[in-house]
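Data block below; observations after.
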Amino acid sequence: MTEKIKQAYDPNSFRKYGHELIDLISDHLEHASQQSIPVNEWQEPNEQLAYWENYSFDQKSPTPFFKDILKKSIHVHHPNYIGHQVVPTAPLSALAHLLSGVLNNGMAIYEMGAAATAIEKVVVNLLLKKVGMGTEGDGVLTSGGTLANLTALLSARQNKLETDTWTTGITQQLGVMVSSEAHYCVDRAVRIMGLGEKGIVKIPVDNQFRMRTDLLQECYDKATAAGIKIIAVVGSAPSTSTGMYDDLSAIAAFCETKNLWFHVDGSHGGAAVFSEKYKHLMAGAAQADSVVIDGHKMLMTPGIMTFLLYKNKSASYATFNQKAQYLWSKTEEGEQWYNYAKRTFECTKEMMSIKFYVLWKMYGEEVFSDFVDDLYDKGSAFAKMIEDRAGYELAVPPDSNIVCFRHVKPGLTKAQLNDWNSEIRTRLLQQGEFYIVQTMLGEEVWLRVTIMSVHTTVETFENLLDGIG
Ligand SMILES: *Cc1c(COP(=O)(O)O)cnc(C)c1O
């Protein structure tokens with residue numbers, strides 16, 4: 001063994017650097033929550049690149065490097081981080097993440113991750129129960145809502161056609177119906193599946209940005225007349241831009257009459273099933289064929305970890321109906337819950353289950369319901385504040401912790417108003433005091449806030465609005 005290899009695997013230096021890093025992170029969490037550091041230090045991409053290209057790494061210790069990473073990264077635990085839907089990790093979950101990183105169990109087959117494999121089934125069962133998907137269900141953990149949505153649509157294709165697409169390829173124009181406000185990854189999934197532009201049948205939204213379920217029949221007929229065989233409808237729970245939930249019960253009823261696959265993209269807000277106060281938003285999801293819920297959005301885990309739940313377990317086995325002889329021995333053909341690679345896109349994947357399990361067992365289910373309640377309540381509170389303030393406009397009273405609003409200056413044209421709100425967003429980004437984002441609703445630019453931190457308060461919102469107006 002060379003000296004370098006010996007160093008790289010030395011448990012004692014790991015112990016030393018590890019303790020230093022945990023101290024560093026704990027201090028960081030304190031500073032971020034108390035706002036004694038900025039939410040973000042803006043740098044142009046090329047400046048950032050130059051910094052790291054010329055970075056002098058001191059080989060005596062990695063700790064200064066970790067410090068610099070902390071300094072030069074966006075701080076999602078900061079109360080003024082109210083931008084994209086990435087959760088301030090519950091730190092205990094990040095310890096499980098670290099353990100996964102070191103153990104590096106491959107997870108594709110049972111013996112390459114025995115504990116995390118069994119725990120995966122335990123946590124999937126909890127989520128099935130919370131969604132109300134019945135006893136015939138099953139599910140997997142996979143790497144992100146984007147991949148989970150693609151996987152669910154592959155399941156839809158394999159389960160709703162008489163032909164075996166996995167073997168024959170696509171022999172007819174297929175289509176998926178989805179609201180025009182759905183996350184872009186649904187559109188991308190459909191195109192990856194080879195269905196092209198025609199394959200995505202967009203359903204318009206109402207003035208609350210929910211899918212117009214009253215138009216499902218008409219859109220279905222139109223697509224069918226154009227030679228498109230609809231296989232699935234995707235409900236957004238909620239959609240990304242505005243955080244509004246589609247009427248899942250109405251979509252379920254439509255899918256039932258037409259024998260379509262009903263998929264719920266609950267990447268962001270599926271976690272509402274934990275909340276007594278907000279679980280009504282997920283009504284109808286129990287009838288879905290598949291449901292996606294991200295851990296790293298509203299279930300407090302580090303990225304990346306996503307639940308993909310199925311009403312019928314056999315449907316999940318049909319998705320990748322392919323033999324990998326070197327992984328499975330003859331006796332292992334068929335449905336085995338414990339060989340996850342049969343049902344996931346990934347071969348190697350992280351030990352995701354332990355990141356959720358540790359939070360659930362340490363703090364109970366209440367921690368998830370408290371979290372959803374806290375953040376969704378703050379969404380309403382912020383919306384109310386905007387309605388009460390002169391010079392501001394609210395896009396829609398929010399269902400969730402996503403709120404879209406604009407600053408309106410009298411006398412501006414539509415285009416000028418768009419530019420003005422874009423300028424506000426850019427100014428905030430560059431100042432680094434707040435992190436918010438923007439979105440397009442129709443032709444209009446709106447400022448968009450997602451309240452992800454329990455440390456965000458009414459005062460945070462007041463400071464934000466004072467700083468803008
Ligand atoms: C965030 C989000 C996604 C994408 O999920 P990732 O985990 O980021 O891949 C998909 N759909 C909706 C509705 C989302 O909010």
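Taking every Cα-Cα distance in segment 1-138 and sorting them into 5 Å bins starting at zero, the pair-distance distribution P(r) comes out as 2, 7, 11, 14, 14, 16, 14, 10, 7, 4, 1, 0 percent.
What net charge is computed for the residues neighbouring SER155, neighbours being all others with C-beta under 12 Å from the C-beta of SER155, Lys and Arg scored +1, Asp and Glu -1? Charge balance in the 12 Å sphere: +3. Scaling against 2.2 N^0.38 Å puts the C-alpha radius of gyration of the chain at 1.04. If both residues of a DSSP beta bridge must be in the chain, then about 55% of such bridges are antiparallel.
Think of the chain as having a plus end and a minus end, set by charges on the Cβ of Lys, Arg, Asp and Glu; of ASN463, PRO62, SER290, SER290 sits farthest toward the positive end of this dipole.
Pairs of Cα atoms nearer than 8 Å and 6+ residues apart set the relative contact order; for segment 147-298 it is 21 percent. Derived from the Cα gyration tensor, the three semi-axes of the equivalent ellipsoid of segment 150-268 are 22, 15, 13 Å, largest first.
Relative to the Cα centre, the charge distribution of segment 85-236, modelled as +1 at Lys and Arg Cβ and -1 at Asp and Glu Cβ, gives a dipole magnitude of about 180 debye.
If you take the Cα centroid of segment 337-395 and the Cα centroid of segment 426-441, the two points sit 22 Å apart. 3J(HN,Hα) couplings calculated from phi for segment 64-77 with the Karplus curve 6.51 cos²θ - 1.76 cosθ + 1.60 (θ = phi - 60°) are, in sequence order, x, 5, 4, 4, 5, 4, 4, 5, 9, 10, 6, 10, 5, 7 Hz; Gly and Pro show x. Note: relative contact order over segment 359-435, using C-alpha pairs below 8 Å and six or more positions apart, is 19 percent. Once you reduce segment 142-187 and segment 18-58 to the center of their Cα atoms, the two points are 40 Å from each other.
Residue by residue, segment 103-113 carries 3J(HN,Hα) couplings of 5, 6, 5, x, 6, 5, 10, 3, 6, 8, x Hz when phi is fed to the Karplus relation 6.51 cos²θ - 1.76 cosθ + 1.60 (θ = phi - 60°); x denotes Gly or Pro. With θ taken as phi - 60° and the Karplus curve 6.51 cos²θ - 1.76 cosθ + 1.60 applied, the whole-hertz 3J(HN,Hα) list for segment 302-308 is x, x, 10, 6, 9, 7, 10 Hz, x standing for glycine and proline.
When the C-alpha to C-alpha distance is required to be over 24 Å, the pairs from LYS121/LYS202; LYS349/LYS378; LYS16/LYS67; LYS129/LYS202; LYS16/LYS71; LYS121/LYS349 that qualify are LYS121/LYS202; LYS349/LYS378; LYS129/LYS202. Expressed in units of 2.2 N^0.38 Å, where N is the residue count, the Cα radius of gyration of segment 57-208 is 1.41.
Ordering PHE345, HIS280, ILE304 by Cα displacement along the dipole of segment 274-393 toward the positive end leaves PHE345 in first place; charges were set at the Cβ atoms of Lys, Arg (+1) and Asp, Glu (-1). Restricting segment 11-43 to chymotrypsin sites (Phe, Trp or Tyr not before Pro) that sit in a DSSP loop and have at most 16 other Cβ atoms within 10 Å of their own Cβ leaves TRP42. Counting only trypsin sites (Lys or Arg not before Pro) that sit in a DSSP loop (anything but H, G, I, E, B) with at most 10 other Cβ atoms within 10 Å, what is the longest stretch of the chain containing none of them? The longest such stretch corresponds to 61-322. Taking R0 as 60 Å, what's the FRET efficiency between VAL102 and GLU218 from their Cβ-Cβ distance, rounded to 0.05? Efficiency, rounded to the nearest 0.05: 0.65.
Applying D = kT/(6 pi eta Rh) to segment 384-426, where Rh is the Kirkwood radius over alpha-carbon pairs, T corresponds to 4 °C and eta to 1.567 mPa s, the Stokes-Einstein value obtained is 115 µm²/s. Projecting the Cα atoms of GLY432, THR165, GLY227 onto the dipole axis of the chain, where Lys and Arg carry +1 and Asp and Glu carry -1 at the beta carbon, places THR165 farthest toward the positive end. Accessible area ranking (1.4 Å probe, heavy atoms, ligands and nucleic acids excluded), largest first, for LEU429, LEU98, LEU248: LEU98, LEU429, LEU248. Magnitude of the charge dipole for segment 410-456, about its Cα centre and with charges confined to Cβ atoms of Lys, Arg (+1) and Asp, Glu (-1), is about 80 debye. Compared with the direct C-alpha span, the chain from ALA415 to GLU443 gains 9.2 nm at full extension, assuming 0.36 nm per residue.
Backbone N atoms of segment 422-462 closer than 19 Å to the 7 Å Cα→Cβ label point of ASN46 belong to residues 430. Taking 20 °C and 1.002 mPa s as conditions, segment 206-315 diffuses translationally at an estimated 147 µm²/s according to Stokes-Einstein applied to its Kirkwood radius (Cα pairs). Within the shell defined by Cβ-Cβ distances under 14 Å, the residues around GLY83 carry a net charge of +2, with Lys and Arg each +1 and Asp and Glu each -1.
Other residues whose C-beta falls under 14 angstrom from the C-beta of GLN172 contribute a net charge of +2, scoring Lys and Arg +1 and Asp and Glu -1. Shown here is the pair-distance distribution of segment 285-409: with all Cα-Cα distances grouped in 10 Å bins from zero up to the longest one, the shares run 10, 26, 27, 19, 11, 5, 1, 0 percent. State, as an integer percentage, the relative contact order of segment 209-284 based on alpha-carbon contacts under 8 Å between residues 6 or more apart. Contact order relative to length: 32 percent. When only the Cβ of Lys, Arg, Asp and Glu is charged (+1, +1, -1, -1), the dipole of the chain relative to its Cα centre reaches about 1000 debye.
The values are calculated or read from the model by the stated rules, or taken from the named source; none is laboratory data. Quick caveat: nothing in here was measured; it's all calculated off a predicted structure. Don't worry about glycine lacking a Cβ; one is built from the backbone with ideal geometry, like all the others, and counts go over all protein chains shown. These area figures cover heavy atoms from the full protein model, side chains too; ligands, DNA and RNA do not enter into them. Shrake-Rupley method; radii C 1.70, N 1.55, O 1.52, S 1.80 Å.
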